[in-house]
1. Hey, can you tell me all the residues within segment 269-284 that are of a type outside the set (S, T, N, Q) and surrounded by 15 or more Cβ atoms within 10 Å (Cβ to Cβ)?
2. Return a yes/no flag: does segment 57-77 have any residue that is among the acidic types (Asp, Glu) and not in a strand (DSSP E or B).
3. Output the number of the condition that Ala179 fails; it satisfies all remaining conditions of (1) more than 16 Å from Tyr150 (Cα to Cα); (2) crowded, with 22+ Cβ neighbours inside 10 Å.
4. Within segment 236-260, which residues are closer than 20 Å to Lys37 by Cβ and surrounded by 19 or more Cβ atoms within 10 Å (Cβ to Cβ)?
5. Checking Lys37 against (1) assigned to a helix (DSSP H, G or I); (2) over 15 Å from Gly228 (Cβ atoms), which single condition isn't satisfied?
6. Among the residues of segment 40-56, what is the count of those that are surrounded by fewer than 19 Cβ atoms within 10 Å (Cβ to Cβ) and not in a helix (DSSP H, G or I)?
7. Out of Ala97, Ala73, I need the residue that is modelled with pLDDT of 95 or more, in contact with a helix residue (DSSP H, G or I) (Cβ under 8 Å, 6 or more places away or on another chain) and surrounded by fewer than 22 Cβ atoms within 10 Å (Cβ to Cβ). Which one?
8. Among the residues of segment 194-202, are any touching a residue at least 12 places away in the same chain (Cβ under 8 Å), basic (Lys, Arg) and not in a helix (DSSP H, G or I)?
Amino acid sequence: MTKFTRMIVGLVSLSCLLFSGELAFSLDKVNVTLPSKSFQFVIFPLPQKRGNMKEEGIDLNILVMGSTAGIQAVLSGDMDFTGSGSSALVAVTRGNAPLKTVLAVNDQVLQWLMVRPQFTSLKELKNKKVAVTGVASVATFMFKQVAPKYGLNANDDVTFIAFPPGQRLAAMMSGAVEAGLLTTEDRFAALDQGMKQLMYLGKEVKNSWGTVATTDRFLQEKPKVMAGFMRATLKALRLVKQNREVAVDAIVKFSELKRELAERTYDDVIKTFTSNGVVDEETQKNDLDIVRLVAKVSKEVPIERAYDFSFAAQADKELTRAGWRP
């Protein structure tokens, strides 16, 4: 074999090795749909950017779409996860959909009842209008459950009007409605413009928020991908809880908030983030009780039919055992 031939053979062998290496390290595509770019969902783009997903062999794709469309996309197999966990619970309760909630970012409901400045109590909202994400949304039903404690029959005495994301505060400012159930970001904007806060649902009810669901099929057919996805996500959750600067930078980019608002948001609600993506059984039961009201279903749904936090719990144990730190 001549020197030239040996060189050609060597180059071909190297190419084969490189090509086989690319195949060996090909990534699993995982698709996540989120109902919005709410700050708590920063735990998904963050591990993708920092390489945690790639370390687990995952190429993460994030798409923002409405809750109903997101649930349908997951059920059809076009998407793998949905950040509309509450809607997934409704689908399970109402139609026995093959879905499981597998992660909870928050252990408190991040919704505030904000009112125009002339109101000082909930009972003053009788015969008034309240802006909500949906007339039959989970947050709306939570408010209805709590309001009687403060002298208001929200079922009969309040008119709920649904507005698209980002338009509830505008409706309040224009006087089209007297109050609104607002998100964290809108809450600060409302306060800055003279609105008042009358209620924080997170302190009134013991329920989860920022929940993520997938299909029974995904859990059964792709347990290794599921385990890797959860490890990478929990790394981001730990990082967000422990590193304010990194978290705020990510929130500014992902949620498109001004830095000052991102900082205020982080400082105010970081304590609501779970430590390991899991909420206790009491919270799970409370979630299902509210969802049954939304779905108008009397029959109780077993917790194990709607939730599977085993992957989150196992990922948390593995990271702790390995001594992983952000």
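1. Val269, Ile270, Phe273, Gly277, Val278, Val279
2. So far as segment 57-77 goes, no, none of its residues is among the acidic types (Asp, Glu) and not in a strand (DSSP E or B).
3. Status for Ala179: all satisfied but (1).
4. Result: Ala236, Leu237, Leu239, Val240, Ala247, Val248, Ala250, Ile251, Phe254, Ser255, Leu257.
5. Single failed check for Lys37: (1).
6. Residues flagged as surrounded by fewer than 19 Cβ atoms within 10 Å (Cβ to Cβ) and not in a helix (DSSP H, G or I) within segment 40-56 amount to 2.
7. Ala97
8. Yes, segment 194-202 contains a residue that is touching a residue at least 12 places away in the same chain (Cβ under 8 Å), basic (Lys, Arg) and not in a helix (DSSP H, G or I).
The values are calculated or read from the model by the stated rules, or taken from the named source; none is laboratory data. If you're wondering where the values come from, they're calculated on a predicted model, not measured in any experiment. Heads up, the Cβs are rebuilt from the backbone with ideal geometry, glycines too, and the neighbour counts pull from every protein chain shown.
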